[in-house]
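Comments concern the structure below.
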Amino acid sequence: MYPFLEREDAEVFHAVDGEDHRQAEGLELIPSENYVSCAVREALSSTLTNKYSEGYPKKRYYGGQEFTDEVEMLAIERAKKLFGAGYANVQPHAGAPANIATYFALMEPGDTIMGMDLSHGGHLTHGHPVTVITKVFNFVRYKMKNVETGEIDYDDMLRVATETKPKVIMAGFSAYPRELDYAKFVAIGKEVGALVIADVAHIAGLIAGGALKNPFDYGFDVMLTTTHKTLRGPRGGMILTRENAELAAKIDKTVFPGFQGGPLMNAIAAKAVCFGEALRPSFKEYASQVVTNAKAMAEVFSAEGVRLITGGTDNHLLLADVSSFGMSGGEAETLLDAAGITLNKNMIADDTRKPMDPSGIRFGTPALTTRGFKEEACKEVAHLMLEVLKNRDVGVQARVKELALAHPIPDSFA
């Protein structure tokens with residue numbers, strides 16, 4: 001597949017070829033990972049990678065932009081159609097830069113933003129103390145009221161918001177298996193005069209495919225997302241605004257020239273391709289199946305008495321406490337990885353263990369579903385996982401590989 005790379009850099013070729021085999025022969029359950037189509041990969045490797053395109057369509061700083069303008073405008077229009085947005089900025093290189101640029105567009109240094117606590121499912125960029133952004137803005141946090149059901153403590157959220165007067169309230173997560181009550185976020189935002197924005201990086205594809213609710217339908221001002229994960233595109237970020245042209249202009253100016261330099265035009269082309277794929281009717285079937293498959297896996301784990309944080313799932317991911325197996329999440333990740341099942345260790349709510357050696361594991365179904373897995377096959381994967389965890393034995397390797405090869409990674413999603 002890589003004739004020039006094989007000839008000119010054998011060491012890099014060896015690593016890339018090895019990764020190809022790992023992905024084909026194993027089962028990918030990390031909820032933030034997926035497979036892209038060959039069309040997306042071709043766009044990523046196109047000659048657009050050679051081009052500097054600082055600025056925006058029809059307003060560039062360099063010449064020779066007729067085709068870069070065309071591809072960025074395609075990406076923008078398709079993104080707006082997918083999410084019912086009035087405006088879209090497709091230039092952020094990743095999710096974190098999209099989030100940070102938005103903070104600077106909406107707030108002044110020292111202003112307060114409210115986000116979900118990392119230990120209860122939030123994301124680093126939502127205000128964890130280890131991030132540099134907490135030196136610029138003041139972050140306050142909300143948590144779950146009931147870890148066993150996943151209910152957010154909206155009463156306490158209102159209390160804290162009333163006391164701290166955040167400029168922005170963030171609805172979003174990286175390890176929360178339930179759907180948020182967007183109407184309550186909007187109500188609290190109106191009560192305290194805060195803008196309400198949603199970080200839907202994990203669930204963007206499920207929203208685009210109609211499997212989960214769209215925050216814009218509830219009056220959210222901004223949505224932030226990555227373009228990979230459930231959206232099944234290239235690694236990258238995007239910022240969507242509902243209808244406020246002034247807000248969109250502030251965001252555009254903060255992304256460029258405020259925060260980033262030249263956009264990655266090959267990545268923007270790949271985003272355009274993935275948005276086009278997500279507009280097909282088949283993508284709705286995919287999004288629905290992702291959720292159905294995750295619920296099927298949850299049934300198996302629950303039936304075996306494994307504690308699932310929030311008691312199950314409404315989306316693409318599950319968070320399981322593996323302490324009942326007498327091991328940490330790190331040990332579970334290592335064991336499963338050796339068996340050909342890839343997922344990630346993860347903290348659970350109010351975890352007593354450390355982040356690099358937590359009590360939980362996080363796994364999900366976006367990549368399995370891309371490979372054509374249905375409920376029964378996902379249940380089989382869950383049983384294989386439990387066999388490894390119960391017996392501390394990776395002897396299921398051959399069965400994992402057989403299951404993987406029976407569901408080859410597709411070249412196209414047409």
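Would you be able to tell me the number of residues in segment 88-122 that are outside any helix (DSSP H, G or I), among the aliphatic types (A, V, I, L, M) and closer than 20 Å to residue 246 by Cα? So that I can check it myself, show each step before the final result.
Residues of segment 88-122 outside any helix (DSSP H, G or I): 88-94, 107-117, 121-122.
When the remaining residues are screened for being among the aliphatic types (A, V, I, L, M), the result is 88, 90, 94, 107, 113-114, 116.
Narrowing the set further to residues that are closer than 20 Å to residue 246 by Cα leaves 88, 90, 107.
Summing the residues that are outside any helix (DSSP H, G or I), among the aliphatic types (A, V, I, L, M) and closer than 20 Å to residue 246 by Cα in segment 88-122 gives 3.
Results for (1) more than 23 Å from residue 25 (Cβ to Cβ); (2) among the aromatic types (Phe, Trp, Tyr), shown as yes or no for each residue.
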residue	(1), (2)
283	yes, yes
302	yes, no
312	yes, no
325	yes, yes
349	yes, no
364	no, no
368	no, no
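Here residue 52 does not fit the description of being among the aromatic types (Phe, Trp, Tyr), touching a residue at least 60 places away in the same chain (Cβ under 8 Å) and within 30 Å of residue 345 (Cβ to Cβ). Within segment 128-141, residues that are within 18 Å of residue 164 (Cα to Cα) have Cβ atoms under 7 Å from residues that are acidic (Asp, Glu) in these pairs: 137/111; 138/111; 141/117, counting only partners at least 6 apart in sequence or on another chain.
Does residue 382 qualify as being over 21 Å from the mean Cα position of the chain (by Cα) and either within 30 Å of residue 277 (Cβ to Cβ) or not assigned by TED's automatic domain parsing to the domain that holds residue 323 (or both)? It is true that residue 382 is over 21 Å from the mean Cα position of the chain (by Cα) and either within 30 Å of residue 277 (Cβ to Cβ) or not assigned by TED's automatic domain parsing to the domain that holds residue 323 (or both).
I need the full set of residues from segment 233-262 which are closer than 27 Å to residue 277 by Cα and of a type in the set (Lys, Arg), in order please. Steps first, answer last, please.
As a first pass, look at segment 233-262 and keep what is closer than 27 Å to residue 277 by Cα: 233-243, 248, 251-252, 255, 262.
Within segment 233-262, 235, 242 meet the criteria.
Residue under question is residue 261, and the condition is that it be without any contact (Cβ under 8 Å) to a residue 60 or more places away in the chain and of a type outside the set (A, V, I, L, M, F, W, C); does it hold? Against the criterion (without any contact (Cβ under 8 Å) to a residue 60 or more places away in the chain and of a type outside the set (A, V, I, L, M, F, W, C)), residue 261 does not qualify. Exactly one residue out of 135, 143 is among the basic types (Lys, Arg) and within 23 Å of the chain's Cα centre (by Cα), and it is 143.
When the residues of segment 190-244 are narrowed to those that are among the polar types (S, T, N, Q) and either under 10 Å from the mean Cα position of the chain (by Cα) or at pLDDT below 95 (or both), which ends up farthest from residue 180 (Cα to Cα)?
The residue in question is 244.
Within the group 125, 149, which residue is in a loop (DSSP other than H, G, I, E, B) and among the β-branched types (Val, Ile, Thr)? After ruling out the rest, the residue left standing is 149.
Select from segment 1-39 the residues that are of a type in the set (Val, Ile, Thr) and within 27 Å of residue 377 (Cα to Cα) and list them in ascending order. Spell out the reasoning first.
As a first pass, look at segment 1-39 and keep what is of a type in the set (Val, Ile, Thr): 12, 16, 30, 36.
Scanning segment 1-39 gives 30, 36.
Please pick out the residue among 277, 304, 331 that is out of contact with any Phe, Trp or Tyr (no Cβ under 9 Å at 6 or more places or on another chain) and of a type in the set (Asp, Glu). Break it down stepwise before answering.
Working: 277 fails: out of contact with any Phe, Trp or Tyr (no Cβ under 9 Å at 6 or more places or on another chain); 331 fails: out of contact with any Phe, Trp or Tyr (no Cβ under 9 Å at 6 or more places or on another chain).
Unique residue meeting the criteria: 304.
Evaluate the following for residue 216: is it within 22 Å of residue 113 (Cα to Cα) and in contact with a Gly (Cβ under 8 Å, 6 or more places away or on another chain)?
Considered against the rule, which asks whether it is within 22 Å of residue 113 (Cα to Cα) and in contact with a Gly (Cβ under 8 Å, 6 or more places away or on another chain), residue 216 comes out as yes.
Residues in segment 174-189 that are surrounded by fewer than 23 Cβ atoms within 10 Å (Cβ to Cβ) and either modelled with pLDDT under 95 or aromatic (Phe, Trp, Tyr) (or both): 2 in all.
So which residues in segment 259-306 are assigned to a helix (DSSP H, G or I) and of a type in the set (S, T, N, Q), if there are any at all? Write out each step before concluding.
Keep residues of segment 259-306 that are assigned to a helix (DSSP H, G or I), which gives 259, 265-278, 281-303.
Within segment 259-306, 266, 282, 288, 289, 292, 293, 302 qualify.
One residue stands out in segment 340-352 among those that are over 18 Å from residue 297 (Cα atoms) and surrounded by fewer than 23 Cβ atoms within 10 Å (Cβ to Cβ): the one that is farthest from the chain's Cα centre (by Cα), namely 352. Number of residues in segment 383-414 that are without any contact (Cβ under 8 Å) to a residue 60 or more places away in the chain and touching a Ser or Thr at 6+ places or on another chain (Cβ under 6 Å) equals 0.
Tell me which residues, restricted to segment 45-77, are surrounded by 17 or more Cβ atoms within 10 Å (Cβ to Cβ) and either in the same structural domain as residue 373 (by TED's automatic domain parsing) or of a type in the set (Ser, Thr, Tyr) (or both). Across segment 45-77, the qualifying residues are 53, 56, 68. The condition of being among the acidic types (Asp, Glu) and within 23 Å of residue 204 (Cβ to Cβ) holds for only one of 333, 304, 277, that being 277. Across segment 307-325, a minimum of one residue is classified as of a type outside the set (Phe, Trp, Tyr), over 22 Å from residue 397 (Cβ atoms), touching a Phe, Trp or Tyr at 6+ places or on another chain (Cβ under 8 Å) and in a helix (DSSP H, G or I). Looking only at segment 212-250, which residues are surrounded by fewer than 24 Cβ atoms within 10 Å (Cβ to Cβ) and either touching a Lys or Arg at 6+ places or on another chain (Cβ under 6 Å) or assigned to a loop (DSSP other than H, G, I, E, B) (or both)? Result: 212, 213, 214, 216, 219, 220, 221, 234, 235, 242, 243, 244.
Suppose we keep only residues that are in a loop (DSSP other than H, G, I, E, B) and modelled with pLDDT of 95 or more within segment 396-414. Which one would you say is farthest from residue 270 (Cα to Cα)? Filtering segment 396-414 for residues that are in a loop (DSSP other than H, G, I, E, B) and modelled with pLDDT of 95 or more, the one farthest from residue 270 (Cα to Cα) comes out as 396.
The values are calculated or read from the model by the stated rules, or taken from the named source; none is laboratory data. It should be emphasised that the depicted structure is a prediction, and the values quoted were computed from it without experimental measurement. Note: ideal-geometry Cβ built from the backbone for every residue, glycine included; neighbour counts use all protein chains shown.
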